[in-house]
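Report on the following structure.
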Amino acid sequence: MGIKATSSKPLFCYSKLLCVSIIYLFTSFFLVFYTTIISPTNCLFRYSPNDPIQTPLFVYNSSYGEHKHALPTFRSSCNSPVYFSDYWNALKEISEFSENTTFLGSRNLRYIQGNADSFGGNFSTKKRFYYFNHGDDGIEVPCGFFKRFPVSNFDRIAMENCKGVVVISAIFNDHDKIRQPKGLGKETPYSVCFYMFVDDATLKGLQYHNLISTPSSDENSVGVWRIVKVAKEHLYENPAMNGIIPKYLVHRLFPNSKYSIWIDAKMQLVVDPFLLIHSLVVNEDVDMAISRHPFYVHTMEEAMATARWKKWWDVDGLKKQMETYCQNGLQPWTQEKPYPSDVPDSAIILRKHSVATNLFSCLLFNELEEFNPRDQLPFAYVRDLMNPKMKLNMFDVEVFEQVAVEYRHNIKNEGASNSKVMPKKTKRGSCEFLVNGTGSKCDGYLLKMWGESQD
């Protein structure tokens, strides 16, 4: 009888852990080799303060996990790389401008005062649209604050004393983690105001991880971020809507600041704020800089995705919102528009506090209060129909991915979700959402978006 032939596996395959580790090791070596040798990036920005801060801005407890769950990027190069100016030149130019300029936008923009049941006043569509044409400097504009913004007087005074550049973010319902910016120049922590707006739920989480001493303290900070408590019971039930207030009404919360950077709490800046503002706003001579969306160029595409992926439950409300915009003049994106897209990625917004920017922020906020906090939806509607026009830099997605790192939101237990946060569920998104030919006010929009001609 012959000897039965048998095949044997390599020894390391008998250990699953060892096998996976070796595969991971070789994959990592290949990716490093590919990105550094074979495919060198064209988006290696020439930034870097001469003496960036090397020591950690804050030492976190290991239980907090601020470094976990970073999302990977898949773009290794960009078509339009940004080259940053010298740090000290950018610092000097922006600081001198801030010191020598009293008011940029508030000088010619007046706001309606009064009290109302909601923070934004709940204006009708006709009334909101009336303020889009701001030809008379004497006309007062609705811009929130029909209720007191519930922060301490101690914080309010400090916010009013911020006279240069302010970086703001917000975490409500403990939805994200506080992360320190990287790549800061030596003078930046002392020249830029960093403000993080939080609610009680977030404060309790910070105290649980021993990042702050007591939630009731007049002044708390985590690294460069000054922590400002917002009593949300006096605002909106939806935490996302409360975050919209500092995101778009920053010029009212910080009336003496000249520039601002909004950054979603899921993002971590890796470029100095002075360099960002100088390169993307000052050098481009614009009022606002924001990234274009990585996938969509038409507002309707974003609306359909919002319904389909359940980013907002009230599909009937989304349909009403889009029909309102179509009826009042919203058009799909074409190459005739002076912008590369109608849909932004608003996780990072850089602003010069000019008349046009402040007006845009007020008008957009009014739309968000009326419908929902999905700020990509009214973006082109307000931008295209407002007057005076805002000078806008919609930069490449690759730039966005190079100046910040994106992280996942905090993972919540299913039982921890608050049913009051989201609106009552209506019908789920279907193929009938604003379909052409159903008598929708957006039929003309859809025909143009799909490249058809209308008789």
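Scanning the range 187-216 for residues that are over 29 Å from residue 163 (Cα atoms) and among the polar types (S, T, N, Q) gives 207, 210.
Okay, residues lined up against (1) at pLDDT 95 or above; (2) among the aliphatic types (A, V, I, L, M); (3) out of contact with any strand residue (DSSP E or B) (no Cβ under 9 Å at 6 or more places or on another chain):
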position: 326; (1), (2), (3): yes, no, yes
position: 330; (1), (2), (3): yes, yes, yes
position: 341; (1), (2), (3): yes, no, no
position: 347; (1), (2), (3): yes, yes, no
position: 361; (1), (2), (3): yes, no, no
position: 382; (1), (2), (3): yes, yes, yes
position: 390; (1), (2), (3): yes, yes, no
position: 393; (1), (2), (3): yes, no, no
position: 397; (1), (2), (3): no, yes, no
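Among the numbered conditions (1) open to solvent by 10 Å² or more (accessible area, probe 1.4 Å); (2) modelled with pLDDT of 95 or more, the only one that residue 405 does not meet is (2). Within the range 198-250, the set of residues being aromatic (Phe, Trp, Tyr), open to solvent by 30 Å² or more (accessible area, probe 1.4 Å) and in a helix (DSSP H, G or I) comprises just one member, 208. Checking the structure you have, find out if any residue of the range 301-310 is of a type in the set (D, E, K, R), within 17 Å of residue 441 (Cα to Cα) and in a helix (DSSP H, G or I). Within the range 301-310, one or more residues are of a type in the set (D, E, K, R), within 17 Å of residue 441 (Cα to Cα) and in a helix (DSSP H, G or I). For the criterion of being assigned to a loop (DSSP other than H, G, I, E, B) and either surrounded by fewer than 14 Cβ atoms within 10 Å (Cβ to Cβ) or modelled with pLDDT under 90 (or both), residue 120 fails. Only residues that are closer than 18 Å to residue 146 by Cα, open to solvent by 20 Å² or more (accessible area, probe 1.4 Å) and touching a helix residue (DSSP H, G or I) at 6+ places or on another chain (Cβ under 7 Å) were counted in the range 251-265, giving 1. Mind checking whether some residue in the range 324-335 is out of contact with any Lys or Arg (no Cβ under 9 Å at 6 or more places or on another chain), surrounded by 20 or more Cβ atoms within 10 Å (Cβ to Cβ) and not in a helix (DSSP H, G or I)? The answer is yes, given that some residue of the range 324-335 is out of contact with any Lys or Arg (no Cβ under 9 Å at 6 or more places or on another chain), surrounded by 20 or more Cβ atoms within 10 Å (Cβ to Cβ) and not in a helix (DSSP H, G or I). When the range 339-364 is examined, which residues are found to be under 22 Å from residue 303 (Cα atoms) and in a loop (DSSP other than H, G, I, E, B)? 339, 340, 341, 342, 343, listed by residue number. Is it true that some residue in the range 266-275 is buried (at least 21 other Cβ atoms within 10 Å of the Cβ), in contact (Cβ under 8 Å) with a residue 40 or more places away in the chain, assigned to a strand (DSSP E or B) and among the basic types (Lys, Arg)? There is no residue in the range 266-275 that is buried (at least 21 other Cβ atoms within 10 Å of the Cβ), in contact (Cβ under 8 Å) with a residue 40 or more places away in the chain, assigned to a strand (DSSP E or B) and among the basic types (Lys, Arg).
The values are calculated or read from the model by the stated rules, or taken from the named source; none is laboratory data. Just so you know, these numbers come straight off a predicted model, no measurement behind them. Neighbour counts run over all protein chains shown; Cβ positions are idealised from the backbone, glycine included. Accessible surface areas use protein heavy atoms only, side chains included; no ligands, DNA or RNA. Shrake-Rupley method; radii C 1.70, N 1.55, O 1.52, S 1.80 Å.
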